[in-house]
Amino acid sequence: MKSPICLPAPLRGQFSVNICARVALRLLAMPLLALATMGLAQGPAATADSGVAAATQSTLTGKVLDPTRAIIPGATVQLQRADGTVVSSAITDSSGHFQLAQPAPGDYHLSVVLPGFTPLDRALHITRSPFAPLTLTMDLAGVVTSVTVNADENTLAAAPENNGDAATVSTDDMKSLPIFDADIVATLSAFLDAGVAGEGGTTLMVDGVESNTVGVSPSAIERVSINQDPYSAQYRQPGRGQVEIITKSTADHFHGSASFTFRDAALNATNYFATSKPPEQRRIYEGYLTGPIKPVRDTAFLFSLTRKEEDTFAEVLAAALPTAMPAENISAPTRSTDLTMKVSHQFNERHSAYVLYRFHDASEANQNVGGLVQASAGYVAYNFDMDLTYHDDLTISTNKLNQLNLKFERNLDRNVSNEQAQQFVVEGVGTFGGAQQDAYNTENNPDLNDMFSWTLSKPIAQQLKFGLQISNTGRRILDDYTNRQGTYTFSSAAAFVAGTPASFSIQQGQSHFQTLYATPSAFFLDEIQATPRFTVTPGVRYDFQNTLANTKDGIEPRLSLAYLVDKAHALVVRTGGGEFIRRVGANIEQDLARYEFAAERNLLFTTDVCYPICTASQLAAQPPSLDTHAPGLQSPVQAYFGLSIERQLTKNSTVTLGYNGYRGWHALRAVDINAPLPPFISAVRPDPTFSQILQLQSAGYQKTDGMSLSYRGRISNMFAGFMQYTWQHADANTVYSYFTPQNQYKPNDEWSRSNFDQRQRLALFGTFYPDKPITLGLGFYNNTPLPYTITTGTDDYHTGFFNARPAGVARNSLNGGNYQDVQLRVNYNHKLHPKVKDDPAVVQLSLSSFNTLNRANFSNYDGVISSPDFRQPTTASDPRRLQLAASYSF
C-alpha cells in the first residue's frame, strides 16, 4: 500500500507563501533594480475606444484577454510607426498586463502577437488627453491562422518565436481534432524527434517551467506548441525535443467546462494477436472552473480535475514454456487523478502573483506484460506527485519585468511485482516467473526559476532576458528490492528443457540509498531587431549536473537569425544552431552509490551456473559486479542546427522547407572493462576478484540529418490544418547511458543505424468546415519502419549481456513494419444562446475513430535467430477504436 503523503514540516502551520516569495523576490531583484535606473525614460499611459485608440500620461498600459475574458500572459505587444519601426515593446505578465514607454505624439500601430491567437493590430493616436488603460481582446486561431499576414505585422514575422515550422494547437483545435483519450501531448508527439529528445525523453514545459506532468485537465489548456523557438537559450532542449504548454489563466467572471469521454470494446475491433475481444472500457471525466473570488478585490481562482478509469488488456502470445499455454488477454487496468487549484491576485498594475497546487495519483497494473512476457512477470506501478508553486510578476518599469517562480515538489514511485519468485528468460521464446521489479523512489525537490526581461527601443529595438533555473534538484531516496530471488537466462527452449541455463544473476545486500541530484542552469539571450526585416538572437546558457564528474563543457552558445526577404509574400529565411548539454537521469548517481563499492551486491554467474537454486555458500563465494565512471567522463553534448525558408501562399496559409541536423559527441555508453579476453573461448575474466566492471564512458558519437516540408493553412472555409513531411537518416555507435556493445574491446564497431532511424514520416491534422456547427476532424499518420537487431540468443562473448550478433551483421540491420493510422472525428456544436453575442455557452457531442481502417501496425519483432518466431511480430498497436465524448462549456 502507498504511504500517506503530507507536506514537510517547513510547509506546515502558519507558513505564508506570499511573504516568503516577496522576500526572495526582493533578494533576487536588488541587482536588477540597479540596472533599472539605467533604463529608458518612462512615457505616457494609454486608453482605447471602440475605434482608433488614444494615449496619454507617462506610460501606455493595458491588459490582453481572450474571447472568454481570461487573461493572456506571454503575448508580445509592440508599438510601431507607420514604416514598421518598433518604438517600444513589452511582454504581458501572468495577469495579462503590459506597460509601454510613450513616444512623441502622433499616429502609430499597436500589435499583439502570440502563437495560437490571431494577430491583433490596432491604430493608435497618441494625444495629451487623459483616459483609461487599454483592454485588448485576441481571437483564438486555428492550427493555421497564426500566420502573420498584414503589412504592419511583417515586422514580427522574423521573430524567432514565429517559426513557421512550429506545430501549435489551440484550445479550439482540441475541441475538433481526433485526440485519443484527450491526451494532446501524445497526439503531438508525431511532430517530435525522439533522437533530439535523448534518453531522458521529451521535456514538458508548463507555463514556462519544466514539469513532470501536464497537471491540468485538457479543457484548461490554452495552447500546445512544438518547435516554437528551436535554438533559444531559455530552454535546455532543442525545439523538436520539448512540448510547451500554456494553461488557461484565471478570469474576472465565471466560466468553465465539463466533459465525459467513453470507449467500450463493443465499439472496437479485435487486436491482431487477441484470440477473442477482451471487455475493455475507458471512462474519462474532466473539467475546469474559473472566476473571481468575491468579495476579495482583484482575486480569481481556477480549479481543474481529470479522472481516468481505463480497463485495458494486454495480449500475450501462446507459449510452450514452462508448460503449454495458449494465447490470452491479460487485464491491465489503470487509474489516475489529476487536480489543480490556482489562486491569483493583482496587487496593483505593476505587481501580480498566483499560488498553484497540483496533485497527481496513478496506478497501472500488469506493466511489462504482453507479447513474449507472461502475466506472472508483470508488476503494478504506483505514481504520486504533488507540487506547490508561488509565481510572482513584478513590472519594475515600463520596459523591465521580473518573473519569479518558486516550487516544492514531492514525487513517489513504487513498483510491486505480481509474484515474488525467480524469473526465467528464454531468449526469443518467453519470459515468465516473477517480475522482481520491487522498488520505491522518493524525490523532494525545491525549485527556483527567475527571469528578468528588459525591452529597449533605442538605439535599436531589442529584448534582453536573463534567467536562473534550479529545477529537478533535490534529494533522491531509493529502496531497491529488484532481482532479489534471481533470474535465469536460457539461450533456447531446448536449453530450458535440459536445465542448462546460460547465466544466473541476483542482487543482495544494502537496499536503501540516498543521493543528491542537482541540475542548476542560467541563461542570457538578446532578441535584436536589427532592422524591421532582420532579427538576430544570440544567447548563451550554462548547465551543470552533479551526476557526471566533469562539467567543464557546461557553456552552450546559441544563435538564431531570421530575415524577411519579401514583405508581400512573408518570405522569411531562418537559420540557427547551438550546443545542448544532454541531461542524464538521477539513476546514474544512484547506480554509482549501489555498485561502485558493491554496497548492493550484484552477482552474475556465466560458468558453473548453480541450478535450480544457488546455496548461500555459492553466492558468498561469487565475486560481485561493479559500476564505475571512466576517468575524465564528460557531459554528453549535442550540436543542433538548421536552415528553413517559409513563404506565405495565401492570406491564411504558409509553407516551410527546412533542413535540420545534429551531431552528438561525448555520448554515453557502458563497457565491461573486465570482460573475458579475445578470442572469447574462455569465460575467465582478467580480474577474477570481480565479475562485470561496468564503466560508464563518454566516447560515443551520434549523427542525424533530415529535411522537412510543412504546410499550415486554410483552404477557403472548407479546411484548416497542419501537415509535416520529414525525411531523416540517423547513425550512432551508442543509444543511451547503459548501452553495451557486443564486443567490449571494440565498442566503436557498433556504428550503424540509430534506434530512431525512421527514414520517412508524414503527419497531418486539421478540420473540415471549421466554422460550421458540424465539423470533421482528420488525423493521418504514415511512417516507414523502425529498425531492429538480429541476435544469436547465446552469450558468445561470455559477458552475460546476450547481445551477440551473427558474424558480419550490423546492429539494427532489419526493418520492422510500416505504420499507418487514419483518425476521424465528427463534431457537433450547439450554441445555447445563439442570439447573444460572444456567449460561450456551448454543448458539444463528438464521435472519433482511431486506426479507422483497422490496419495491423506491428510494433515489436523477434530478432533472435534461433527462435521459432524469428523475424515475426510479437506485438501490435491497437485496432480500430471508437470514442464518444460530450462536453458543456460556459
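Taking (1) over 30 Å from Tyr563 (Cα atoms); (2) open to solvent by 60 Å² or more (accessible area, probe 1.4 Å); (3) in contact with a Leu (Cβ under 8 Å, 6 or more places away or on another chain) in turn, Pro612 satisfies each apart from (3).
Within the range 776-835, being hydroxyl-bearing (Ser, Thr, Tyr) and touching a residue at least 60 places away in the same chain (Cβ under 8 Å) holds for Tyr781, Tyr788, Thr789, Thr791, Thr792, Thr794, Tyr797, Thr799, Ser813. Is there a residue being under 26 Å from Ala675 (Cβ atoms), in a strand (DSSP E or B), open to solvent by 40 Å² or more (accessible area, probe 1.4 Å) and in contact (Cβ under 8 Å) with a residue 40 or more places away in the chain anywhere in the range 579-598? Checked against the condition, which is being under 26 Å from Ala675 (Cβ atoms), in a strand (DSSP E or B), open to solvent by 40 Å² or more (accessible area, probe 1.4 Å) and in contact (Cβ under 8 Å) with a residue 40 or more places away in the chain, the range 579-598 yields no hits at all.
Scan the range 836-848 for residues that are out of contact with any helix residue (DSSP H, G or I) (no Cβ under 9 Å at 6 or more places or on another chain) and touching a residue at least 60 places away in the same chain (Cβ under 8 Å) and jot them down. Selection gives Asp838, Pro840. Report whether or not Ser511 is touching an Asp or Glu at 6+ places or on another chain (Cβ under 6 Å) and at pLDDT 95 or above. Against the criterion (touching an Asp or Glu at 6+ places or on another chain (Cβ under 6 Å) and at pLDDT 95 or above), Ser511 qualifies.
Note on the range 626-641: residues that are surrounded by 15 or more Cβ atoms within 10 Å (Cβ to Cβ) and either touching a helix residue (DSSP H, G or I) at 6+ places or on another chain (Cβ under 9 Å) or not in a strand (DSSP E or B) (or both) amount to 10.
Being surrounded by fewer than 17 Cβ atoms within 10 Å (Cβ to Cβ), in a strand (DSSP E or B) and in contact with a Gly (Cβ under 8 Å, 6 or more places away or on another chain) is a condition met by at least one residue of the range 553-560. Given Ile226, Ile221, Ile246, which one is aliphatic (A, V, I, L, M) and free of Cβ contacts under 8 Å to residues at least 60 places away in the same chain? Within the list Ile226, Ile221, Ile246, the selection yields Ile221. Can you confirm whether Arg601 is modelled with pLDDT of 95 or more and touching a Pro at 6+ places or on another chain (Cβ under 8 Å)? So Arg601 fits the description; yes. Kindly check whether there is at least one residue in the range 563-572 that is surrounded by fewer than 22 Cβ atoms within 10 Å (Cβ to Cβ) and within 29 Å of the chain's Cα centre (by Cα). No, the conditions are met nowhere in the range 563-572. Got at least one residue in the range 288-300 being aromatic (Phe, Trp, Tyr), at pLDDT 95 or above and either more than 30 Å from the chain's Cα centre (by Cα) or open to solvent by 40 Å² or more (accessible area, probe 1.4 Å) (or both)? Checked against the condition, which is being aromatic (Phe, Trp, Tyr), at pLDDT 95 or above and either more than 30 Å from the chain's Cα centre (by Cα) or open to solvent by 40 Å² or more (accessible area, probe 1.4 Å) (or both), the range 288-300 yields no hits at all.
For the range 395-402, does any single residue satisfy the condition of being β-branched (Val, Ile, Thr), modelled with pLDDT of 95 or more and open to solvent by 20 Å² or more (accessible area, probe 1.4 Å)? Checked against the condition, which is being β-branched (Val, Ile, Thr), modelled with pLDDT of 95 or more and open to solvent by 20 Å² or more (accessible area, probe 1.4 Å), the range 395-402 yields no hits at all. Of all residues in the range 411-438, those that are surrounded by 22 or more Cβ atoms within 10 Å (Cβ to Cβ) have Cβ atoms under 9 Å from Cβ atoms of residues that are of a type in the set (Lys, Arg), 6 or more apart or on another chain, in Gln436/Arg484. If you go through the range 167-189 one residue at a time, do you hit one that is open to solvent by 30 Å² or more (accessible area, probe 1.4 Å), modelled with pLDDT of 85 or more, out of contact with any Gly (no Cβ under 9 Å at 6 or more places or on another chain) and part of a strand (DSSP E or B)? For the range 167-189, residues open to solvent by 30 Å² or more (accessible area, probe 1.4 Å), modelled with pLDDT of 85 or more, out of contact with any Gly (no Cβ under 9 Å at 6 or more places or on another chain) and part of a strand (DSSP E or B): absent.
Evaluate the range 115-126: report whether one residue or more is surrounded by 22 or more Cβ atoms within 10 Å (Cβ to Cβ), among the basic types (Lys, Arg) and modelled with pLDDT of 75 or more. There is no residue in the range 115-126 that is surrounded by 22 or more Cβ atoms within 10 Å (Cβ to Cβ), among the basic types (Lys, Arg) and modelled with pLDDT of 75 or more.
Selection of the range 240-270 for residues being open to solvent by 10 Å² or more (accessible area, probe 1.4 Å), in a loop (DSSP other than H, G, I, E, B) and of a type outside the set (Val, Ile, Thr) yields Lys248, Asp252, His253, Phe254, Asn268, Ala269. Checking each residue in the range 748-796 for being of a type in the set (Asp, Glu) and either part of a helix (DSSP H, G or I) or open to solvent by less than 50 Å² (accessible area, probe 1.4 Å) (or both) picks out Asp749, Glu750, Asp757, Asp795.
So which residues in the range 495-552 are surrounded by fewer than 21 Cβ atoms within 10 Å (Cβ to Cβ), of a type in the set (Val, Ile, Thr) and either in contact with a Pro (Cβ under 7 Å, 6 or more places away or on another chain) or within 30 Å of Lys458 (Cβ to Cβ) (or both)? Hits for the range 495-552 are Ile528, Thr531, Val536, Val540. Among the residues of the range 322-345, those identified as surrounded by fewer than 16 Cβ atoms within 10 Å (Cβ to Cβ), in contact (Cβ under 8 Å) with a residue 40 or more places away in the chain and more than 30 Å from Pro612 (Cβ to Cβ) are Ser331, Met341. Restrict the check to the range 144-153 and report whether at least one residue is modelled with pLDDT under 65, in contact with a strand residue (DSSP E or B) (Cβ under 6 Å, 6 or more places away or on another chain), open to solvent by 10 Å² or more (accessible area, probe 1.4 Å) and among the acidic types (Asp, Glu). Within the range 144-153, one or more residues are modelled with pLDDT under 65, in contact with a strand residue (DSSP E or B) (Cβ under 6 Å, 6 or more places away or on another chain), open to solvent by 10 Å² or more (accessible area, probe 1.4 Å) and among the acidic types (Asp, Glu). Criterion first (touching a residue at least 12 places away in the same chain (Cβ under 8 Å), of a type in the set (Asp, Glu) and out of contact with any Ser or Thr (no Cβ under 7 Å at 6 or more places or on another chain)) does Asp878 satisfy it? So Asp878 passes the test. Residue check: is Asn366 modelled with pLDDT of 95 or more, closer than 21 Å to Ser276 by Cα, in a strand (DSSP E or B) and not aliphatic (A, V, I, L, M)? For Asn366, the condition - modelled with pLDDT of 95 or more, closer than 21 Å to Ser276 by Cα, in a strand (DSSP E or B) and not aliphatic (A, V, I, L, M) - is met. When the range 306-320 is filtered for residues that are open to solvent by less than 70 Å² (accessible area, probe 1.4 Å) and in a strand (DSSP E or B), the ones remaining, listed by number, are Thr306, Lys308, Glu309, Glu310, Asp311, Phe313, Ala314, Glu315, Val316, Ala319. All of Tyr861, Tyr819, Tyr828 fail the test of being open to solvent by 20 Å² or more (accessible area, probe 1.4 Å) and closer than 24 Å to Asp264 by Cβ, apart from Tyr828. Only residues that are among the aromatic types (Phe, Trp, Tyr) and farther than 26 Å from Gln422 by Cα: list them for the range 464-517, please. Result: Phe466, Tyr517. Does Val296 meet the test of being in contact with a helix residue (DSSP H, G or I) (Cβ under 7 Å, 6 or more places away or on another chain) and aliphatic (A, V, I, L, M)? Considered against the rule, which asks whether it is in contact with a helix residue (DSSP H, G or I) (Cβ under 7 Å, 6 or more places away or on another chain) and aliphatic (A, V, I, L, M), Val296 comes out as no.
The values are calculated or read from the model by the stated rules, or taken from the named source; none is laboratory data. Everything numeric in this text was worked out from a predicted model, so none of it was measured. Cβ: placed from backbone, ideal geometry, glycine included. Neighbour counts: every protein chain shown. We work out accessible area using only protein heavy atoms, side chains counted, and drop any ligands, DNA or RNA first. Shrake-Rupley method; radii C 1.70, N 1.55, O 1.52, S 1.80 Å.
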